[in-house]
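Working notes, structure below.
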Amino acid sequence: NIDKFEYPAPLNIETHVGDILIKDELLTAPFTISDKLWKGHQDRKIRNAQKGNGFGYCSFNSESSYTSTLSRRYYKDGSEILIEQNGKNPRKLTPREAARLQGYSDLFRLHPSNTESYKQFGNSVAVPVVTAVSQNIVNQILGR
């Protein structure tokens, strides 16, 4: 009976964005946004704040406990999730970091195109959520 379905309880595991970030600057450097794009993000945020709406970029660091939702359009400008960098413009998540954010194992093979990877992970439901809900469905069907 669907009325009696029990959704999984939250795991209440403390996490930080730093748990998914790649520490090698050589691998992350290509994802640093340009001066022009960074200025555009900042200007847009100011304009929107003056209009009274909250549209703009969102930035996070390794100590952040969450990020914004990863969307399918992330490949365009990365404005939903920018990673702060000391002394540099912020950067986008790498495709591997985007996969980790959605709960994919590092064994998961990424699409060769970064754009396609971002679209895939932006359309994804977090793997741990799918796993937990699926297990509860199986348990309910089998009467466990």
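The values are calculated or read from the model by the stated rules, or taken from the named source; none is laboratory data. Worth saying up front: this structure is predicted, and the values here are computed from it rather than measured. Note: ideal-geometry Cβ built from the backbone for every residue, glycine included; neighbour counts use all protein chains shown.
The residue list LEU26, LEU37 contains one member that is out of contact with any Asp or Glu (no Cβ under 9 Å at 6 or more places or on another chain), more than 30 Å from ASN136 (Cα to Cα) and in a helix (DSSP H, G or I), which is LEU26. In this entry, THR15 is excluded by the filter for residues that are of a type in the set (Ser, Thr, Tyr), under 18 Å from the mean Cα position of the chain (by Cα), within 23 Å of GLY103 (Cα to Cα) and at pLDDT 95 or above. For segment 54-94, the set of residues classified as of a type in the set (Phe, Trp, Tyr) and either under 20 Å from LEU110 (Cβ atoms) or part of a strand (DSSP E or B) (or both) consists of PHE60, TYR74, TYR75, listed by residue number. Remark: pairs (first residue in segment 37-60, under 21 Å from VAL17 (Cα atoms); second residue in a helix (DSSP H, G or I) and among the hydrophobic types (A, V, I, L, M, F, W, C); Cβ separation under 6 Å; 6+ apart in sequence or on different chains) = PHE60/VAL17. Does segment 109-116 contain any residue that is under 18 Å from ALA9 (Cα atoms) and modelled with pLDDT of 95 or more? No, there is no match, as no residue in segment 109-116 is under 18 Å from ALA9 (Cα atoms) and modelled with pLDDT of 95 or more. For segment 112-144, what are the residues that are polar (S, T, N, Q) and more than 24 Å from ARG96 (Cα to Cα)? Result: SER134, GLN135, ASN136, ASN139, GLN140. Looking only at segment 49-105, residues that are basic (Lys, Arg) and surrounded by 17 or more Cβ atoms within 10 Å (Cβ to Cβ) come to 4 in all. If you take the residues of segment 1-48 that are of a type in the set (Ser, Thr, Tyr) and surrounded by 10 or more Cβ atoms within 10 Å (Cβ to Cβ), which of them is farthest from SER113 (Cα to Cα)? Among those that are of a type in the set (Ser, Thr, Tyr) and surrounded by 10 or more Cβ atoms within 10 Å (Cβ to Cβ), it is THR15.
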